Amino acid sequence: MFRFLRIVFLILCSAFLVLPPSVAQKKIVLQAKQYIKSGKDFDKAERLMLELLSDSNSLDNQIKYRLILIDALRAQYEQGNERLYLKQKYDTAALFVTTKKIFDNFNVVDSIAMNLNMKHRYKEKNINFLLKLLPNLYNGGSYYVTKNKFAEAFGFYSQFIDTSEEPLFYNKDNEGKVHRAASMAVYCGYKINDFDKLMEYKSLALKDTSQLAFVYQYMAEGYKQIGDTLNYIDIIKKGFDEFTSFPFFFPRLIEYYNGLERYDESLKYINKALACDSTNVVYRFAKSTVMLNTGRYDECIKLSQDLIAESDTLAEAYYNLGVSYYNQAIELDKVYQRSTKNKKRIRELYEMSRPSIERFRLLAPDQKDKWMPLLYTIYLNLNMGKEFDEINRIR
């Protein structure tokens with residue numbers, strides 16, 4: 001009896017093992033189609049087709065299965081869209097995701113069909129439906145940006161741009177939206193620190209004139225991140241030339257040239273900025289710093305005093321003012337110390353420097369490395385024992 005049951009079991013197993021794979025696949029396809037036809041369980045149909053696709057190496061089957069998958073996705077989209085229209089509860093993100101899946105699969109089908117030299121193009125057959133869905137790719141990108149999911153947002157913007165640029169979908173009236181999607185793609189690449197993504201659509205992003213200053217900024221940050229100083233400073237210059245008052249470019253341009261001690265270049269850009277806005281505190285302070293660094297102390301003093309008169313909390317203006325007097329004292333001390341007249345002048349300069357550096361210390365206590373050595377020398381030369389001892393203790 002046991003032997004008989006064993007034989008029956010082996011026969012049944014053999015029958016199952018020799019079942020042609022195509023028959024099993026046909027059953028899965030039929031089940032998926034039944035799900036779609038039933039008007040429900042579209043997600044189950046999607047899963048079934050994804051399983052078949054993962055096991056299929058046949059290009060013909062890839063097309064056939066993906067078209068059924070697209071039908072399931074289309075049904076999901078239309079169902080979700082109807083729920084939103086009726087103001088029923090539905091996950092908006094799911095609608096965007098489904099839209100992207102539809103385009104992704106149409107692209108794969110289209111690519112395979114072209115490789116097989118098939119004349120029929122599946123997107124042409126569905127062009128009206130796809131055109132209706134196309135704005136959702138852009139909207140999906142915007143949705144994920146608001147959620148700070150920039151990698152996901154980039155995927156939607158990328159799909160929107162690539163699709164919109166295809167001859168089948170190209171619409172001149174849509175160019176502005178494509179350019180905005182490109183500038184947003186640049187932004188997303190910047191936010192996820194992916195230089196390749198940041199630069200992928202830069203040529204289109206540079207046509208988004210309303211966001212161009214920001215595009216320059218993100219590109220500059222990208223070049224800086226990879227250590228490309230040549231392109232970094234080039235885009236900073238371009239940004240400054242076109243958007244002089246935009247706050248990003250000016251300080252970085254001046255910092256770059258000051259760091260190289262190319263003060264003539266700094267002054268050129270400072271004067272251009274001042275020509276646009278002669279009252280701007282940042283521009284005037286930058287000029288006072290260049291005047292200080294080039295030994296033009298009288299001009300630095302005048303600029304610093306004007307800035308302080310307008311705002312008595314501008315710490316760096318006090319610093320520049322104090323250092324202008326301090327440097328003159330140091331230079332005079334090196335050369336003319338033996339002259340009684342010059343000794344008196346040196347003391348006067350230290351006395352003129354002291355209140356500004358003390359004020360700077362009060363306003364910027366954390367910048368000890370800047371004010372401490374100055375006050376040490378000032379108190380020493382003015383014979384201010386109590387103050388000198390206090391500074392000496394904290395050195």
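The values are calculated or read from the model by the stated rules, or taken from the named source; none is laboratory data. This structure is a prediction, so every number in the text was calculated from the model and none was measured. Neighbour counts run over all protein chains shown; Cβ positions are idealised from the backbone, glycine included. Areas reflect the complete protein model, heavy atoms only, side chains present, ligands, DNA and RNA absent. Shrake-Rupley method; radii C 1.70, N 1.55, O 1.52, S 1.80 Å.
Taking (1) out of contact with any Pro (no Cβ under 9 Å at 6 or more places or on another chain); (2) modelled with pLDDT of 95 or more in turn, Tyr170 satisfies each apart from (2).
Among the residues of segment 352-377, the ones that are under 17 Å from Ser304 (Cβ atoms) and assigned to a helix (DSSP H, G or I) come to 15 in all. Per this entry, Phe129 is not counted among residues that are more than 19 Å from Leu73 (Cβ to Cβ), of a type in the set (Phe, Trp, Tyr) and outside any loop (DSSP other than H, G, I, E, B). Selection of segment 219-228 for residues being open to solvent by 30 Å² or more (accessible area, probe 1.4 Å) and in a helix (DSSP H, G or I) yields Glu221, Lys224, Gln225.
The conditions of being farther than 29 Å from Met219 by Cα, open to solvent by 30 Å² or more (accessible area, probe 1.4 Å) and in contact with a helix residue (DSSP H, G or I) (Cβ under 9 Å, 6 or more places away or on another chain) are not met by Asn171. I need the full set of residues from segment 217-238 which are over 16 Å from the mean Cα position of the chain (by Cα) and within 25 Å of Arg284 (Cα to Cα), in order please. Scanning segment 217-238 gives Ile233, Asp234, Lys237, Lys238.
The listed residues are Glu124, Glu152, Glu78, and the only one of them that is at pLDDT below 95 and over 24 Å from Ser38 (Cβ atoms) turns out to be Glu124.
The set of residues in segment 143-161 being assigned to a helix (DSSP H, G or I) and surrounded by fewer than 17 Cβ atoms within 10 Å (Cβ to Cβ) consists of Thr146, Ala151. Looking only at residues of segment 82-111 that are in contact (Cβ under 8 Å) with a residue 24 or more places away in the chain and aromatic (Phe, Trp, Tyr), we find that the one that is farthest from Asp71 (Cα to Cα) is Phe96. All of Ile112, Ile63, Ile70 fail the test of being buried (at least 21 other Cβ atoms within 10 Å of the Cβ) and in a helix (DSSP H, G or I), apart from Ile70. When Leu168, Leu134 are checked against the criterion of being in contact (Cβ under 8 Å) with a residue 40 or more places away in the chain, aliphatic (A, V, I, L, M) and under 15 Å from Phe103 (Cα atoms), a single residue qualifies: Leu168. Kindly indicate which of Lys287, Lys302 is part of a helix (DSSP H, G or I), surrounded by fewer than 16 Cβ atoms within 10 Å (Cβ to Cβ) and among the charged types (D, E, K, R). It is Lys302.
The rows are residues; the columns are (1) at pLDDT 80 or above; (2) open to solvent by less than 70 Å² (accessible area, probe 1.4 Å); (3) over 21 Å from Asn136 (Cβ atoms); (4) under 36 Å from the mean Cα position of the chain (by Cα).
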residue	(1), (2), (3), (4)
Tyr35	no, yes, yes, no
Lys44	yes, no, yes, no
Glu51	yes, no, yes, no
Leu84	no, yes, no, yes
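Taking segment 248-276, which residues are of a type outside the set (A, V, I, L, M), open to solvent by 60 Å² or more (accessible area, probe 1.4 Å) and more than 19 Å from Gly222 (Cβ to Cβ)? Hits for segment 248-276 are Gly259, Glu261, Arg262, Asp264, Lys268, Asn271, Lys272, Cys276. Out of (1) more than 22 Å from Ile301 (Cβ to Cβ); (2) open to solvent by 60 Å² or more (accessible area, probe 1.4 Å); (3) modelled with pLDDT of 95 or more, what's the single condition that is false for Arg359? Here Arg359 clears every test but (1).
Taken over segment 180-218, the criterion of being open to solvent by 70 Å² or more (accessible area, probe 1.4 Å), part of a helix (DSSP H, G or I) and either hydroxyl-bearing (Ser, Thr, Tyr) or within 18 Å of Gly155 (Cα to Cα) (or both) is satisfied by Arg180, Lys191, Asp196, Glu200, Lys202, Ser203, Thr209, Ser210. Among the numbered conditions (1) open to solvent by 60 Å² or more (accessible area, probe 1.4 Å); (2) closer than 24 Å to Glu331 by Cβ; (3) in a helix (DSSP H, G or I); (4) not basic (Lys, Arg), the only one that Asn383 does not meet is (3).
Residues being outside any helix (DSSP H, G or I) and not small (Gly, Ala, Ser) are represented in segment 332-339 by at least one member.
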